[in-house]
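Visitor: Handing you this structure, nothing more for now.
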Amino acid sequence: IAQPIALGPGEGGAVKADRMELALLEITFDPGSGVDPHFHKGHSDSFYILEGELEFHVGDEVFTATPGAYVLAPPNVVHWFRNKTDSPVRLLNIHTPGGFVQYRTELRELRKQGVEPDRAFYERHDVFDV
C-alpha cells in the first residue's frame with residue numbers, strides 16, 4: 001500500500017512527490033535561466049507558478065506566466081521557457097506519470113562527475129530535444 005504524503009510549507013525539499021503515477025518538484029529558476037525546447041512522448045509536463053514570471057512557449061503559444069498561472073504540455077508537444085526578469089522564479093513542476101525525479105537525480109550525478117550525457121540518456125528518460 002502506498003504511503004500518503006502530507007507536507008507543510010517549506011517541507012520536503014525540492015522533491016515533493018516521487019511516485020510511479022506522479023512526480024512533483026518545487027524548482028527555482030534564476031534570472032536568465034530556463035529550459036531549451038523539448039518534448040516528452042510518454043508523459044505530460046505541467047507547471048504552476050508560485051513566484052516570479054516566465055516566458056513560456058508551448059506548441060504555437062507564447063505567453064507570460066505569473067503567480068497562479070498553470071501550463072500543461074501534453075505528450076509530443078514542444079515546450080520551453082525562460083526567466084527574462086531580474087528576479088528568481090519559483091514553480092511547481094508536475095510530471096504524470098512519474099519517473100522524472102530519477103532522471104534529474106541521474107543527470108545531477110553525471111554532471112557532478114563532469115559528464116554531459118548523450119542523446120540516448122535523455123531519450124531513455126523521455127526527454128527529446130528539438
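Visitor: Are any residues in region 18-34 more than 17 Å from Tyr70 (Cβ to Cβ) and in a strand (DSSP E or B), and if so, which ones?
Guide: Hits for region 18-34 are Asp18, Thr28, Gly34.
Visitor: Still on this structure: Any residue at all in region 108-130 that's open to solvent by 50 Å² or more (accessible area, probe 1.4 Å), part of a strand (DSSP E or B), out of contact with any helix residue (DSSP H, G or I) (no Cβ under 6 Å at 6 or more places or on another chain) and not polar (S, T, N, Q)?
Guide: yes
Visitor: A follow-up question, please. Taking region 77-107 on its own, how many of its residues are in a strand (DSSP E or B), under 24 Å from Gly10 (Cβ atoms) and of a type in the set (S, T, N, Q)?
Guide: Adding up the residues that qualify gives 1.
Visitor: Report whether or not Asp45 is open to solvent by 60 Å² or more (accessible area, probe 1.4 Å) and either in contact with a His (Cβ under 7 Å, 6 or more places away or on another chain) or free of Cβ contacts under 8 Å to residues at least 24 places away in the same chain (or both).
Guide: Criteria not met by Asp45.
Visitor: Return the only residue of Pro31, Pro4, Pro74 being more than 19 Å from Thr96 (Cα to Cα) and surrounded by fewer than 18 Cβ atoms within 10 Å (Cβ to Cβ).
Guide: Within the list Pro31, Pro4, Pro74, the selection yields Pro31.
Visitor: For region 57-76, give me each residue that is closer than 17 Å to Leu92 by Cα and assigned to a loop (DSSP other than H, G, I, E, B).
Guide: Matches in region 57-76: Thr66, Pro67, Gly68, Ala69, Pro74.
Visitor: Check region 26-41 and report whether any residue there is among the aromatic types (Phe, Trp, Tyr) and touching a Ser or Thr at 6+ places or on another chain (Cβ under 9 Å).
Guide: Checking region 26-41: not a single residue is among the aromatic types (Phe, Trp, Tyr) and touching a Ser or Thr at 6+ places or on another chain (Cβ under 9 Å).
Visitor: Here's something else I'd like to know. As an exercise: evaluate Pro88 against (1) under 21 Å from Phe39 (Cβ atoms); (2) modelled with pLDDT of 95 or more; (3) not acidic (Asp, Glu) and give the number of the one condition it does not meet.
Guide: The single condition Pro88 does not satisfy is (1).
The values are calculated or read from the model by the stated rules, or taken from the named source; none is laboratory data. Bear in mind that the values here come from a model prediction, so they are computed numbers and not experimental data. No Cβ is skipped: glycine too gets one built from the backbone with ideal geometry, and neighbour counts run over all protein chains shown. Quick note on the areas: whole protein, heavy atoms, side chains included, nothing else; ligands and nucleic acids left out. Shrake-Rupley method; radii C 1.70, N 1.55, O 1.52, S 1.80 Å.
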